[in-house]
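Structure, as structure tokens:
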Amino acid sequence: MSARYLFLLGMVVGLAAGCGKSEPPAVTPPSAATPAPSPAASTPSAAAPAAADAALPAPTPQSIAARKLDPEKIKRGAAVYRTHCASCHGPNGEATSNWREQGADGRYPPPPLDGSAHAWHHSTGTLEKMIREGSPVIGGMPAWDGKLTNQEIDDVIIWIKTLWPDEIYDIWYKEIERKQKD
């Protein structure tokens, strides 16, 4: 085999392995003095990745404000999420602990959306497409196109972004979202 072939094969294997298991960047866990958020709370700052491998600090209201996300869209998105998404992805986007385990039917459970899984690796456009078209083969997520309005889809994506810890959001914005706009 040529060196070029081995290099390309290595790249393909590396990319495939990288997409299989998503690890968020290492972050400092919140201090013990920080009160645990209430699962019933509906504010974005109360989101807690209960099923994450390591606790990720929830973004503060100040950091969410710094992201320049429209508070009305966040509020509407939280309502859409509670009504249509929380029963599968968890009330705060934390999913279930077995989300990486393929079921007997070949499908995977819904992944976390709180920054502890792969959702933050995708641009806003890709997230929108996933919500519209679903993922019936791999995960069984239904297509929401025609069931949710364009505004509802946009709002729920905004709300999901409020779940991501600051470090995750910053990396996402710099490495994924901004490159889509360039």
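Rounded to whole Hz and in sequence order, give me ³J(HN,Hα) for segment 143-152 from the Karplus expression 6.51 cos²θ - 1.76 cosθ + 1.60, θ = phi - 60°, writing x for Gly and Pro.
Those phi angles translate into 6, 9, 4, x, 9, 10, 6, 4, 5, 5 Hz.
Please order V137, V156, V80 by the number of other Cβ within 10 Å, starting at the fewest.
V137, V80, V156
Note down the nm distance, to one decimal, between modelled labels 7 Å out along Cα→Cβ at H121 and at R178.
2.1
In segment 136-155, whose amide N lies under 12 Å from the spot 7 Å out along Cα-to-Cβ of C88? List them in ranges.
Residues 136-145 fall inside that zone.
With respect to the cross-link table entries K75/K181; K75/K174; K129/K179; K73/K129; K68/K161; K75/K179, which display a Cα-Cα separation exceeding 21 Å? Walk me through the numbers on the way to the answer.
Working: K75/K181 26 Å; K75/K174 25 Å; K129/K179 18 Å; K73/K129 19 Å; K68/K161 11 Å; K75/K179 27 Å.
Check vs 21 Å cut-off fails for K75/K181; K75/K174; K75/K179.
In what sequence, highest mean first, do 126-135, 99-108 appear when ranked by Cβ atoms within 10 angstrom?
Details: 126-135: 16.4, 99-108: 11.6.
Taking the mean over residues of other Cβ atoms within 10 Å, the ranking is 126-135, 99-108.
In whole Å, what three semi-axes, largest first, describe the equivalent ellipsoid of segment 76-177 built from its Cα gyration tensor (square root of 5 times each eigenvalue)? All intermediate terms of the calculation are to be shown ahead of the outcome.
Working: eigenvalues 77, 59, 35 Å².
Equivalent ellipsoid semi-axes, largest first: 20, 17, 13 Å.
With 10 angstrom as the radius, rank R178, R67 by how many other C-beta atoms surround their C-beta, starting from the fewest.
On the way: R178 11, R67 16.
Lowest count first: R178, R67.
Report the calculated FRET efficiency for K75 and T96 (r = Cβ-Cβ distance, R0 = 35 Å), to the nearest 0.05. Walk me through the numbers on the way to the answer.
On the way: r = 26 Å, r/R0 = 0.76.
Once the sixth-power term is evaluated, E becomes 0.85.
Could you pull out every residue, at least 5 positions away or on a different chain, whose amide H is within less than 5 Å of the one on M141? Hs are placed 1.01 Å off N in the peptide plane, and Pro or chain starts have none.
Those qualifying (amide H under 5 Å, at least 5 residues apart or on another chain) are S135.
If you take the beta carbon distance between A66 and D145 as r and set R0 to 25 Å, what does 1/(1 + (r/R0)^6) give as a FRET efficiency, to the nearest 0.05?
Values: r = 32 Å, r/R0 = 1.28.
Efficiency for this residue pair is about 0.20.
Give a residue-ordered list of calculated ³J(HN,Hα) values for segment 73-81 (Karplus: 6.51 cos²θ - 1.76 cosθ + 1.60, θ = phi - 60°; whole Hz; x for Gly, Pro).
Couplings: 5, 4, 4, 5, x, 4, 5, 4, 4 Hz.
Every read-out reported here was derived from the displayed coordinates using simple, explicitly stated rules and does not represent laboratory data. A quick note: this is a predicted structure, and the numbers were derived from the prediction, not measured. In this analysis, Cβ positions are derived from the backbone assuming ideal geometry, glycine residues included, and neighbour counts consider all displayed protein chains.
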